[in-house]
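Note sheet for the following structure.
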Amino acid sequence: MEFALNEEQKALTALAKDFCKREVSPEFLRELLEREPKDRMPWDLIKKMHDLGLRTLTVPEEYGGGGADLLTQVLVSETLGQYGGPVGAVLTPMWRLCGSLAAVGNKEQQDEIFNRVKSDYTFFMHEIITEPDHGHDPLLPHNEPGSGLKTFAHRDGDEYVINGEKCFCGNTSADLFWVHLRTDKNKPLSQSMSLLLVPRDAPGFSVTRINEFIVPKVRLNGDLLFDNVRVPARNLVGEEGKGGDIFQGRLAFSLPGLGVQLGKTQEIYEVTKDYAKTRIQGGKPIFEHPTVGTKIVDMLTHIEQARLLVYKTAWEYDQAVKSGKKLVSPLGFNLCNAVMHELGILVAGHAAEVWGGRATLKELPIEGYIRSVYDHHHFLGTATFNRIKAMSMI
Ligand SMILES: Cc1cc2nc3c(=O)[nH]c(=O)nc-3n(C[C@H](O)[C@H](O)[C@H](O)COP(=O)(O)OP(=O)(O)OC[C@H]3O[C@@H](n4cnc5c(N)ncnc54)[C@H](O)[C@@H]3O)c2cc1C
């Protein structure tokens, strides 16, 4: 395995870092998060990232995008996570879906959607699987026949008719939703899930609730209702009943979401190390007290371990794609996700200890870091859940 970054990776990470340092100042972030939730999408930044090619990083080159492989995406997302506040979390779901479209969409879907992504920087897609009664169930999947997801689509001529509810959708203002649902009510979920593309202006589609979290979101997160929503049958991605395979086989496309977290933990480590080297107690910087200094080293050790696992998993995925595979076992992603959830808690916990009473001061960054790692703890399943899932694959 080659550990050195190639020229393209170096250039893209430098571009992302330079952009964040220039555009995402603490003052800008403060002002952004004070806005009404519906006004928080930083459209001017998104336009600039679009013009720089960051928004379209995973659109294939033949459609005018960056065509970046997964390792490159992880590297860029890590940079955005460390320096870009919420920017990485805005871009990475789009990267995942553009990469997915390239892997499993048909030519007609690719032509239509990639051209829109390229020509309209305000065009966003979002993926939704979670339902009020089924959170981890479809991720496992819980395969008891007939259970695991309720949202259902039946075929009516050249259309599908969708009924059901989804919750926790991370971008309710998206233009196009990738909706995971059932197309057979009785079979096990792994044989009856399908994936349909639903435009937000489809009659019968509505947003029924907006959530507020301990970390303010720049995108509106909320619940969706599908009340006899009709979409053309050509909006089916892949084959009917194969949606479970598609979901699991491209879980690795969510690695950039973990890259953002990796960058965030690096940021926590850096500010905590700097603080420990300047805060004097017992007559010397607290860093020099072994109980504190080893905590800082512990943070670094765990970050480096996690980074290697995430990079290796992305690299393995890229090798599989180069050898012609479209879908890849989710095991690597599940291991990374378990490790990353625990890394966040460990790093934030150590930071809270090193910063003492200042850890929870509103005007300092640590309390925000603590909230952010818990805010991310559910991402594609808890750490324990990701281990349970891995059990079935080893
Ligand atoms: C801020 C935020 C953004 C989100 N964005 C999206 C989004 O964009 N799209 C989307 O689809 N979803 C999204 N979600 C939903 C998120 O993916 C779910 O919260 C997550 O999958 C967990 O589901 P749940 O909360 O219903 O937990 P539950 O499934 O109720 O789990 C509760 C607990 O039970 C455990 N558990 C569950 N099943 C099992 C089992 N079979 N065996 C052992 N233990 C089990 C879990 O590990 C957990 O500890 C978002 C959630 C949040 C908070």
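The values are calculated or read from the model by the stated rules, or taken from the named source; none is laboratory data. Just so it is clear, the structure is predicted and the values come from calculations on it, not from any experiment. FYI the Cβ positions are ideal-geometry reconstructions off the backbone, even for glycines, and counts take in every protein chain you see. Side chains included, ligands, DNA and RNA excluded: accessible areas come from the protein's heavy atoms. Shrake-Rupley method; radii C 1.70, N 1.55, O 1.52, S 1.80 Å.
Tabulated data for the structure shown
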quantity: Region 77-92, residues that are among the polar types (S, T, N, Q) and either open to solvent by less than 10 Å² (accessible area, probe 1.4 Å) or within 12 Å of the ligand (Cβ to nearest atom) (or both); calculated: SER77, THR92
quantity: Strands (runs of 3 or more DSSP E) completely within region 125-186 that count 3 or more residues being within 16 Å of the ligand (Cβ to nearest atom); calculated: 125-128, 159-169, 176-182
quantity: Hits in region 356-388 - residues which are of a type in the set (A, V, I, L, M) and either open to solvent by 30 Å² or more (accessible area, probe 1.4 Å) or more than 30 Å from ASN334 (Cβ to Cβ) (or both); calculated: ALA359, LEU361, LEU364, ILE370, LEU380, ILE388
quantity: Residue in region 30-47 that is crowded, with 24+ Cβ neighbours inside 10 Å and among the basic types (Lys, Arg) present; calculated: no
quantity: Test: residue in region 293-306 that is open to solvent by less than 60 Å² (accessible area, probe 1.4 Å), touching a residue at least 24 places away in the same chain (Cβ under 8 Å) and either within 16 Å of the ligand (Cβ to nearest atom) or of a type in the set (S, T, N, Q) (or both); calculated: no
quantity: Checking TRP95 against (1) surrounded by fewer than 22 Cβ atoms within 10 Å (Cβ to Cβ); (2) outside the structural domain of SER173 (by TED's automatic domain parsing), the condition it does not meet; calculated: (1)
quantity: Residue list for region 332-368, filter: within 16 Å of the ligand (Cβ to nearest atom) and either modelled with pLDDT under 95 or hydroxyl-bearing (Ser, Thr, Tyr) (or both); calculated: GLY368
quantity: Condition check for LEU251: of a type in the set (A, V, I, L, M), away from the ligand (no atom under 15 Å from the Cβ), under 26 Å from GLN109 (Cα atoms) and buried (at least 21 other Cβ atoms within 10 Å of the Cβ); calculated: no
quantity: Restricting region 102-123 to residues that are closer than 16 Å to LEU57 by Cα and in contact (Cβ under 8 Å) with a residue 60 or more places away in the chain, the residue that is surrounded by the most Cβ atoms within 10 Å (Cβ to Cβ); calculated: VAL117
